[in-house]
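Q: Got a structure for you, written out below as structure tokens; questions coming shortly.
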Amino acid sequence: MGSIPKKKVAVVAVGGNSLIKDGKHKSIPDQYDAAVESMKHIAGMIEAGWEVVITHGNGPQVGFILRRAELALSELHMVALDYCGADTQGAIGYMFQRALYNEFRARGLQKLAATVVTQTLVDRNDQAFKNPSKPIGSFMDEATAKQRKAQDGWAVVEDAGRGWRRVVPSPLPQRIIEQPAIDSLIKAGYVVISVGGGGIPVIEDEHGDLVGVEAVIDKDFGASILSSGIGADLFLITTAVERVALHYNKPQQVWLDRMTADEARRYLAEGHFAKGSMEPKIRAILQYMERGGKEALITDPANIERALQGKTGTRIVP
């Protein structure tokens, strides 16, 4: 008897913004509808024979939790950022689990999804802790910002003339604490939802105990560390565009079907990828490649299946 071929494992990173179609569709039922849409395409991937681990962003959702806490300050306690991360991992994980359960049932697939509340270790001496840079929460006027700085020790900045905002550190992820559990679940045939929002940032204290910190981890870097750690065959990042472009939104724009890691490095150095959008995705993919990654793909959720067949998307190879 021939041995059964091992199923390929893919990490699929879904953006937190992809759950919010536009300013008018922010409610939880709206987010669930968007999740159903994305999970349909991921179920198609699973039906085609992939084992899948889903990671997701949580930026807008963390913002909503912080805003609710601010509005309720006269009655309730503030919610620390690591707990906001845990809350969103649970809520978004539940959306994905329910959407996948129903989709698998419709397709007659014997599959089940499970969410792992995931902690991500960062270095307590990471320079990011000295230079908070990631804006979070609502806009404030200058007086409120200075009051929060004095009372709560917040770092605050003036944000492009739109008001003041709190900024927090964005340290680099080192290790996914629950990786062995994630690995076991994949091997047992579960679809795993994990490393939500890049993971809940934790540091090791002098005794080696884990302590949650007020920080935000880049979700793409979190997914990259996970992809390397579990030896994923494919690292797929979904975003707002079908493919990556050079000279994006300019008259000489060129869509890319494929690039090598060296080409991606060159385009990055030439400044083709915007800081807040495509740049971190490309950097995360390059990090995965440097750690022995085999293949990466960038496309929008609706085109996942077509991109896997080589019909669209941007493929990055070593």
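Q: Scan region 64-86 and give yes if some residue there is loosely packed, with under 15 Cβ neighbours inside 10 Å, in contact with a Ser or Thr (Cβ under 8 Å, 6 or more places away or on another chain) and at pLDDT below 95, otherwise no.
A: So far as region 64-86 goes, yes, one or more of its residues are loosely packed, with under 15 Cβ neighbours inside 10 Å, in contact with a Ser or Thr (Cβ under 8 Å, 6 or more places away or on another chain) and at pLDDT below 95.
Q: If we scan region 270-286, do we find a residue that is of a type in the set (Phe, Trp, Tyr) and at pLDDT 95 or above?
A: To start, the set of residues in region 270-286 that are of a type in the set (Phe, Trp, Tyr) comprises 273.
Keeping just the survivors that are at pLDDT 95 or above gives none.
No, that holds for no residue.
Q: Give GLY15, GLY23, GLY2 a once-over and let me know the one that is at pLDDT below 90, over 15 Å from GLY93 (Cβ atoms), crowded, with 20+ Cβ neighbours inside 10 Å and not aromatic (Phe, Trp, Tyr).
A: Only one candidate qualifies: GLY15.
Q: Here is a follow-up. Go through (1) more than 18 Å from the chain's Cα centre (by Cα); (2) closer than 21 Å to VAL14 by Cα and name the single condition PRO318 misses.
A: Failed condition: (2).
Q: Another question about this same structure. Quickly run through region 160-204 and pick out the residues that are buried (at least 24 other Cβ atoms within 10 Å of the Cβ), among the aliphatic types (A, V, I, L, M) and assigned to a loop (DSSP other than H, G, I, E, B).
A: Answer for region 160-204, where residues must be buried (at least 24 other Cβ atoms within 10 Å of the Cβ), among the aliphatic types (A, V, I, L, M) and assigned to a loop (DSSP other than H, G, I, E, B): just VAL195.
Q: Could you tell me whether region 107-118 includes any residue that is more than 18 Å from the chain's Cα centre (by Cα), touching a residue at least 60 places away in the same chain (Cβ under 8 Å) and in a helix (DSSP H, G or I)?
A: yes
Q: For region 75-94, check the following and say yes or no: at least one residue is assigned to a helix (DSSP H, G or I), out of contact with any strand residue (DSSP E or B) (no Cβ under 8 Å at 6 or more places or on another chain) and closer than 26 Å to LEU297 by Cβ.
A: If we filter region 75-94 for residues that are assigned to a helix (DSSP H, G or I), which is where we start, we get 81-94.
Those still in the list that are out of contact with any strand residue (DSSP E or B) (no Cβ under 8 Å at 6 or more places or on another chain) too: 84, 87-88, 91.
So of that shortlist, the ones also closer than 26 Å to LEU297 by Cβ come out as 88.
Scanning region 75-94, I find at least one residue that is assigned to a helix (DSSP H, G or I), out of contact with any strand residue (DSSP E or B) (no Cβ under 8 Å at 6 or more places or on another chain) and closer than 26 Å to LEU297 by Cβ, so the answer is yes.
Q: Looking at region 206-227, which of its residues are in contact (Cβ under 8 Å) with a residue 60 or more places away in the chain and not small (Gly, Ala, Ser)? Write out each step before concluding.
A: Quick first cut of region 206-227, residues in contact (Cβ under 8 Å) with a residue 60 or more places away in the chain only: 210, 212-227.
Residues satisfying the conditions are LEU210, VAL213, GLU214, VAL216, ILE217, ASP218, LYS219, ASP220, PHE221, ILE225, LEU226.
Q: Let me ask something else about it. Counting only residues that are among the small types (Gly, Ala, Ser) and assigned to a loop (DSSP other than H, G, I, E, B), which one in region 39-50 is surrounded by the fewest Cβ atoms within 10 Å (Cβ to Cβ)?
A: Just the residues of region 39-50 that are among the small types (Gly, Ala, Ser), to begin with: 43-44, 48-49.
Filter once more, keeping what is assigned to a loop (DSSP other than H, G, I, E, B): 48-49.
Numbers: ALA48: 11, GLY49: 9.
Step by step, filter region 39-50, then rank; the result is GLY49.
Q: Only one of ILE193, ILE230, ILE203 is touching a residue at least 12 places away in the same chain (Cβ under 8 Å) and in contact with a His (Cβ under 9 Å, 6 or more places away or on another chain). Can you tell me which? First the steps, then the outcome.
A: Values: ILE230 fails: in contact with a His (Cβ under 9 Å, 6 or more places away or on another chain); ILE203 fails: in contact with a His (Cβ under 9 Å, 6 or more places away or on another chain).
None of the others qualify; the one that does is ILE193.
Q: Looking at ILE20, ILE92, ILE54, can you tell me which residue is in contact (Cβ under 8 Å) with a residue 24 or more places away in the chain, of a type in the set (A, V, I, L, M) and in contact with a Lys or Arg (Cβ under 9 Å, 6 or more places away or on another chain)?
A: ILE20
Q: Here's another thing I want to ask about it. Can you tell me which residue among GLU37, GLU51, GLU75 is among the charged types (D, E, K, R) and closer than 22 Å to ILE230 by Cα? Show your work before the answer.
A: On the way: GLU37 fails: closer than 22 Å to ILE230 by Cα; GLU75 fails: closer than 22 Å to ILE230 by Cα.
Checking each option against the conditions leaves just GLU51.
Q: Listed residues VAL36, VAL53; which is surrounded by 14 or more Cβ atoms within 10 Å (Cβ to Cβ), in contact with a strand residue (DSSP E or B) (Cβ under 9 Å, 6 or more places away or on another chain) and not small (Gly, Ala, Ser)? Please lay out each step first, then the result.
A: Values: VAL36 fails: in contact with a strand residue (DSSP E or B) (Cβ under 9 Å, 6 or more places away or on another chain).
Among VAL36, VAL53, only VAL53 is surrounded by 14 or more Cβ atoms within 10 Å (Cβ to Cβ), in contact with a strand residue (DSSP E or B) (Cβ under 9 Å, 6 or more places away or on another chain) and not small (Gly, Ala, Ser).
Q: Which residues, counting only those in region 113-157, are in contact with a Gly (Cβ under 6 Å, 6 or more places away or on another chain), more than 18 Å from ILE203 (Cβ to Cβ) and modelled with pLDDT of 90 or more?
A: Listed by number, the list holds a single entry, THR115.
The values are calculated or read from the model by the stated rules, or taken from the named source; none is laboratory data. As the structure is a computational prediction, the values presented were derived from the model and not from experiment. Using ideal geometry, Cβ is built from the backbone for each residue, glycine included, and neighbour counts are taken over all protein chains shown.
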